[in-house]
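K.L.:
Structure provided below as structure tokens; questions to follow.
The values are calculated or read from the model by the stated rules, or taken from the named source; none is laboratory data. Model, not experiment: these values are computed from the prediction. Keep in mind that these areas ignore ligands, DNA and RNA; they rest on the heavy atoms of the full protein, side chains included. Shrake-Rupley method; radii C 1.70, N 1.55, O 1.52, S 1.80 Å.
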Amino acid sequence: MGNEDAAPAKSGTLREALRRLIRIGAALSEERDLPKLLALILTSARDLVGCDAGSVYLVEDADAAGETTSEKHLYFLLAQNDSAEFTMQKTRVEITRGSIAGYVALTGETLNIADVREIPKSAPYQFNFSFDDSTGYRTVSMLAVPMRNQRGELLGVIQLINRRREFS
């Protein structure tokens, strides 16, 4: 009997998740303002995964940002956090293997890190503790995912931080 009761609940949960994804997709397709679109993407991703915080990094040519080089960089443009207050500043991050966002942008790999303090010293990327140190926040888990357009070109990286509950 336990198995019979579990199937409808799981099916209902899946249906609700699909409905949420369809609503999010519709909202995303209607939004044209980039800051609002990024905020909607981050809020929706955090809600779907159940995370306390998240951030968005966008790829931008340095010369488009008023710099003299033509290299591409990541720009930390948006952060949301339910547990810590902070002042958001646009920050440039090199696309290298050294940082989590840089590594994801460079390799195209998704990183699912259970505890950033347990990243092995031998890993090509490390966690930057400056935000935690300046705010008193404690980052534990992180999911870092490359954002791509329809042609597969890298647009940026989204980081989902400190999962609060199991995915439903």
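K.L.:
Extension gain Asn112-Ala39, at 0.36 nm per residue separation less the Cα-Cα distance, in nm?
P.N.:
24.1 nm
K.L.:
Distances longer than 18 Å among the Cα atoms of the range 79-168: what percent of all pairs is that?
P.N.:
49
K.L.:
Also: Summarise the accessible area of the range 34-123 (1.4 Å probe, protein heavy atoms) by the percent that is carbon and sulfur.
P.N.:
49
K.L.:
For the range 67-119, with every protein chain kept in place, what is the accessible area per residue (1.4 Å probe, Å²)?
P.N.:
For the range 67-119, the per-residue accessible area is 59 Å².
K.L.:
Here's something else I'd like to know. When the chain is fully extended, how far beyond the present Cα-Cα distance does Arg32 get from Asp61, taking 0.36 nm per residue of separation?
P.N.:
Between Arg32 and Asp61, full extension yields 8.3 nm more.
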